[in-house]
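Each remark here refers to the structure printed beneath this line.
What follows draws every value from the coordinates through simple rules; no lab data is involved. Because the structure is a prediction, the values reported are computed rather than measured. Ideal geometry is used to build each Cβ from the backbone, glycine not excepted, and the neighbour counts take in all protein chains shown.
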Ligand SMILES: *[C@@H]1O[C@H](CO)[C@@H](O)[C@H](O)[C@H]1NC(C)=O
Ligand SMILES: *[C@@H]1O[C@H](CO)[C@@H](O)[C@H](O)[C@H]1NC(C)=O
Ligand SMILES: *[C@@H]1O[C@H](CO)[C@@H](O)[C@H](O)[C@H]1NC(C)=O
């Protein structure tokens, strides 16, 4: 029963990170991004964490054995960066369960308690704990447990983001019951890239493993399919819509990895879309799943609070143009979603009310190649 963060706030998590894009993070970049988050609607849309990823550390610990920030990249220190609190934001940081981080900086092995105390004393609110450079699966598991307890002992509410199952998977089936006892969210699969093939692979993996991973997700513990890459270079508009819609259906923590200082109005509209974020953050906290796959269409649903369902129709066919997918409403919610009738609203790619439909109706949805139509279906 150890959860580093017991607050309700843990499951309304929306976070932000850039370090994927910029191999050399700098203090100034994080401060600039925090300013944009506070002034251009991001914080108010719910994106409240500014997260630093790998490479923030100096190559060695200080004389007391504590981690220290690299004097060139973060000259004022992390405690100073944590002043994003004054803008109503929270700070996330990164470390590793093994001897070194993935990029070769000092890892937390043998220093779990000290590092947890250091992060807490700096005012850190989230820890992403990577799994590189651990010699055995036993050490990996012990390290993830130990850091969870160490964070808890600091008394500070710190969201604990793990990569435990990702590093176990090649050799061992993760015990998700246990992982959820220790972690607030966890990565199962490889890093996301700014490309459609990466998004497609993550969705494919998730559908293939849904019988194992969907049921464990819920308030306090979530599957993390990795960051949103919307607003960069690799995705078309339809593919960006697919990532936003499907990350909402998968109840994913929303971490953006992009440059908010240079982002198109379309990408901003999509990432700040209140209706999609509300689906993502639905208080029932159930993760969605694929119901059926047919003619290169995928139909997904996510049960929502208030007898509602989010329904996504994804067109995986990359040849030709828009295609129609027609499906019976009896497919949704084991036949109960629209019994005896329901209202249907399209959320993406543009919002529009479709009106009332009876239980026996069919819906016909036109979807662009690699695009998704996201609907919200509510029983009256
Ligand atoms: C870290 O390195 C030491 C010394 O080589 C080794 O004993 C220990 O098992 C390593 N820790 C991990 C987590 O692999
Ligand atoms: C530490 O864990 C206990 C037991 O689960 C919990 O009640 C408490 O809120 C946690 N403390 C923090 C700071 O997360
Ligand atoms: C998984 O972990 C839980 C909680 O620690 C434990 O009760 C259960 O026995 C474990 N399951 C397996 C198959 O090891």
**OP:** Determine, for 145, 352, the number of other Cβ atoms within 10 Å of each Cβ, and report the residues in order from fewest to most.
**Re:** 352, 145
**OP:** Give the order of 230, 179 when sorted by the count of other beta carbons within 10 angstrom, beginning with the fewest.
**Re:** 179, 230
**OP:** On a C-alpha basis, how far is the centre of region 233-247 from the centre of region 110-149 in Å? Whole number, if you could?
**Re:** 33 Å
Original post:
Based on the alpha carbon coordinates of region 338-380, what radius of gyration and maximum Cα-Cα distance (Dmax) apply, in Å?
Top reply: 10.9, 33
Subject >> Exposure proxy ranking, count of Cβ atoms within 10 Å, fewest first, for 366, 275 >> reply: 366, 275
Original post:
How long are the three semi-axes of the equivalent ellipsoid of the chain, in whole Å, if each is the root of 5 times an eigenvalue of the C-alpha gyration tensor, listed from largest down?
Top reply: 37, 22, 18
Subject >> Between helix 137-154 and the chain: long-axis angle, C-alpha atoms, 0 to 90°, nearest 10 >> reply: 80 degrees
Original post:
Once every DSSP H run of n ≥ 4 in the chain is given -39500 (n - 2.57) and the sum is divided by its residues, what mean residue ellipticity at 222 nm do you get, rounded to the nearest 500 deg cm²/dmol?
Top reply: -8000 deg cm²/dmol
**OP:** Just report the Cα centroid separation between region 63-96 and region 346-361, whole Å.
**Re:** 47 Å
Original post:
How much length, in nm to one decimal, is gained on full extension between residue 361 and residue 275, taken as 0.36 nm per residue of separation minus their Cα-Cα distance?
Top reply: 28.5 nm
**OP:** Could you work out the Rg to Rh ratio of region 193-238, with Rh taken as the Kirkwood radius (inverse of the mean 1/r over all Cα pairs)?
**Re:** 1.05
